[in-house]
């Protein structure tokens, strides 16, 4: 008995069906279970897709700022990352024209993270559609990483799954929506030929996602989402409190993110814009851990997580303020 035996390489049938049903219910996206692959988290899903699709000589477009894993996945798969700048004045939203300018005959894919880690930028339906159209017109894949899809504030959620087509790949996860990153369950929605290729990689690497975790994921997907909504409301409170506190610090400019659970303030007036040095200073002097913007391809900013309780967040911002004020 139990769920400790081998399972199917692409996930247990009940979970694949539940994932497909969830996107149909929430977004009107009609995926069959054969167009779904369950993976050991969104990161491993992305890696299996990359190994299936990318090869030497390919170029993969990555908007900046980016999640730290994207360039590494592309390079490990033998392809070349090509970076696409975004504009902080436009909330770090990805401009399709900036993408089009960097498309070449070698472009194999574009990776889009919405809501974005670290910026919190959330692309709306028109923006998602424009990127999917660009991929179709130039014959490359657009891989939408939607790990933070459920964590949105004033608008949304949105999913590119509604744009289902032969150039659209969607990566999802329960790690953020259900606060279960240690269970390592994510998935891919894609055309069947992409799923088959990714499955070939997955079956020879991890065999299949953990069978016990898949049962937990099934329970999470099919259960009530009331706790998810409560969690998002708590993140909203922390977001507002954190952004307000940071914006009171002289020289710091902190935009209010549209999704995810990070703040990405501009601290470039301190230490000559060396945010890596500033992050070290904050760790040593304030005992506050932040991630420097250099990790995301955007120096001069810090990523601050909102995963701690309000009291700790307030204390952390107070400590950051004291250290920065000492820097003058």
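The values are calculated or read from the model by the stated rules, or taken from the named source; none is laboratory data. Bear in mind that the values here come from a model prediction, so they are computed numbers and not experimental data. All Cβ positions, glycine included, derive from the backbone under ideal geometry; neighbour counts span all protein chains shown.
Summary table below
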| read-out | value |
| --- | --- |
| Test: residue in segment 207-217 that is assigned to a helix (DSSP H, G or I), without any contact (Cβ under 8 Å) to a residue 24 or more places away in the chain and either assigned by TED's automatic domain parsing to the domain that holds residue 44 or over 28 Å from residue 133 (Cα atoms) (or both) | no |
| Members of segment 298-312 found to be part of a loop (DSSP other than H, G, I, E, B), buried (at least 19 other Cβ atoms within 10 Å of the Cβ) and in contact (Cβ under 8 Å) with a residue 40 or more places away in the chain, listed by number | 298, 306 |
| Residue in segment 274-285 that is free of Cβ contacts under 8 Å to residues at least 60 places away in the same chain, over 25 Å from residue 157 (Cβ atoms) and part of a loop (DSSP other than H, G, I, E, B) present | yes |
| Unmet requirement for residue 219, which otherwise passes all of (1) closer than 30 Å to residue 15 by Cβ; (2) surrounded by 16 or more Cβ atoms within 10 Å (Cβ to Cβ) | (2) |
| Residue in segment 227-237 that is assigned to a loop (DSSP other than H, G, I, E, B), within 20 Å of the chain's Cα centre (by Cα) and under 16 Å from residue 120 (Cα atoms) present | no |
